[in-house]
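Here the structure comes first, spelled out in structure tokens, and everything after it is commentary.
The values are calculated or read from the model by the stated rules, or taken from the named source; none is laboratory data. In this text, all values refer to a predicted model and were calculated from it rather than measured experimentally. Ideal geometry is used to build each Cβ from the backbone, glycine not excepted, and the neighbour counts take in all protein chains shown. Quick note on the areas: whole protein, heavy atoms, side chains included, nothing else; ligands and nucleic acids left out. Shrake-Rupley method; radii C 1.70, N 1.55, O 1.52, S 1.80 Å.
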Amino acid sequence: MKPATRKIVTAATTFSVALSIGFVMQYGDAVAARLGIDEPIGSPAGRTQVSVPGSAVTASKAVVVPQLLAPRVTDDSKEVADIPQELATPTLQMPDSTSVSDLILASAMTEAPVMPSPEVAACDPIMTATAQPMAMVQLQLTDTCHKGAPVSIHHQGMIFSAITDADGKLSVDVPALSRDALFIADFNTGKAAAASVLVPDLDTVDRAVLQWQGDDGVQLHALEFGAGYDDAGHIWSASTGAAGNVQTGSGGILTSLGDVAVSDALRAEVYTFPSGQSVRDGQVVLNVEAEVTSRNCGRDVSAQSIQIGPDHAADAIDLTMTMPGCDAIGEFLVLKNMFADLTLAAK
């Protein structure tokens, strides 16, 4: 449905520039080493600094780091998101690949080591990653001790919530954000699984990620080659694009991640355009919109953008925004500068 009202945000908005990208990439190396992966993720030195383009948004408060990845607390001080606190700071510590063995310690009175039982060993989470066309990766996760359980999937700064099925299994296709792609599945119980895979065609796509937590009412919109709202080239959650257009290089596609059945789920929308095989010259305009709802009116909303492309390294922008009051319910705020628009040339 086409919203009746849209406004450009000009006040009460705070941007915090890319504190996450450098640290997440370095964290990927550390986790890979801890989990015994032979070739950890490479990363550029230091943090990526992002210049916020344009002047559509005016920062009216001191710059802060949004707590998008930390537990959020309601007014009655009850935690509503089971997000590991260690993921909110650069001092991340993930379990070793030997965490199960470490938990089964020898008796203090016995010199001989105690070996894990088959039942305990069977509870180790196992994850595989398989490269798919258009720089997608299929993840297969199994943990028979976590049936119907929430799990957080981490990849290059992108995090989303998922739930295993009745057999403790999860299968999900994830847009890759790095060529040497590392994925971590965390059950927030002291156990985690990791898998890595080479994604050779990553340099053929442009990719934009918008991520947030809970029902904050934010949306990613792509307007391809001069399209207006509700035109064929308007790609968003209600019109995600056709796989055939991606394969032919004539259009993009939107992937939604995050299971809303998880309380206050971590969610993401990822727009992908096959820029390496584009059949058209032109521009794709990327906007973020925030709808004023009864859940977010008058409150702070946090979100993060991540953008990669063939010609530049990953950029990220963190956003903390104070929404208008509840008398503005139903209106939309349009944020025009969380992403750089794509300028495409036919190949």
(message) So, taking all protein chains as they sit and a 1.4 Å probe, how much accessible area belongs to residue 145, in Å² rounded to tens?
(response) 70
(message) Output wanted: per-residue J couplings in Hz (rounded whole) for the stretch 307-318, from phi through Karplus 6.51 cos²θ - 1.76 cosθ + 1.60, θ = phi - 60°, x for Gly and Pro.
(response) 9, 10, x, x, 9, 8, 6, 5, 10, 9, 9, 9
(request) Kindly report, to the nearest 10 Å², the accessible surface of residue 336 as traced by a 1.4 Å probe over protein heavy atoms only. (result) 100
(message) Given a Förster distance of 41 Å, report the FRET efficiency between residue 173 and residue 281 from their Cβ-Cβ distance, rounded to the nearest 0.05.
(response) 0.85
(request) For residue 198 and residue 166, calculate 0.36 nm times their separation in residues minus their Cα-Cα distance, and state this gained length in nm to one decimal. (result) 8.5 nm
(request) Note down the accessible area of residue 142, probe 1.4 Å, to the nearest 10 Å². (result) 50
(message) Give me the 1.4 Å probe accessible area per residue for the stretch 215-300, excluding ligands and nucleic acids, in Å².
(response) 39
